[in-house]
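Each value in this text was obtained by applying a stated rule to the coordinates, not by laboratory testing. Quick caveat: nothing in here was measured; it's all calculated off a predicted structure. No Cβ is skipped: glycine too gets one built from the backbone with ideal geometry, and neighbour counts run over all protein chains shown.
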Amino acid sequence: MLNAGIETKLTDKTTFQADVFVSPWKSLFGNRMLFAIGSLEYRYYFIESFKNWYVAANTGVAIYRMQKYNHLNLGIHQEGYSILLGGTVGYVVKVNDKINLDIFLGGGNAQSKYRSYYNAFPDIRADKEEGASINGSGEWIPYKGGVMISYQIK
């Protein structure tokens, strides 16, 4: 999975980050996992920008072709988009003058619109017999987390 972002300092304790997260795999462990997430994040650092603990508010959009967690053994997948709104908690570890490690976990509310298709017949709608032109769902979920390696440009 690929993640790239840019973070810029606003004040001594706040920053703004824009990032893109992409999973280009058509299948992972036999399950569809093709998706992309773009997000914007406002961060508040408790000590100083780019150092130690921070909390953040974020918003983003995701597009996907993947199987929902409760549809893994049903032979269907979903294609659609989500609007994300939530928060992040993280910690930045300084490795040297130019490199940091950003350890983070975030989540929030995801409002999704999608259509369901059969895995074996990807052009045939699995939800067509229910008469739905498009399905929707809303969940409180974790949607970002990991370790990002940062290179500081001065």
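The value of relative contact order for the chain, using C-alpha pairs under 8 Å at least six residues apart, is 16 percent. Computing Cα Rg over 2.2 N^0.38 Å for the structure here picks out one of (i) 1.44; (ii) 1.22; (iii) 0.99, namely (ii). Evaluated with a Cβ-only charge set (Lys, Arg +1; Asp, Glu -1), the chain carries a dipole of roughly 200 debye about its Cα centre, given to the nearest 20. For the range 1-97, the set of chymotrypsin sites (Phe, Trp or Tyr not before Pro) satisfying both a DSSP loop assignment and a count of at most 10 other C-beta atoms within 10 Å is given as F29, F46. In straight Cα distance, which lysines are under 19 Å from K51, not counting same-chain residues fewer than 8 positions off? K51 reaches K9, K13, K94, K98, K154. The alpha-carbon of K68 sits under 22 angstrom from the alpha-carbons of these lysines, leaving out residues fewer than 8 places away in its chain: K26, K113, K128, K144.
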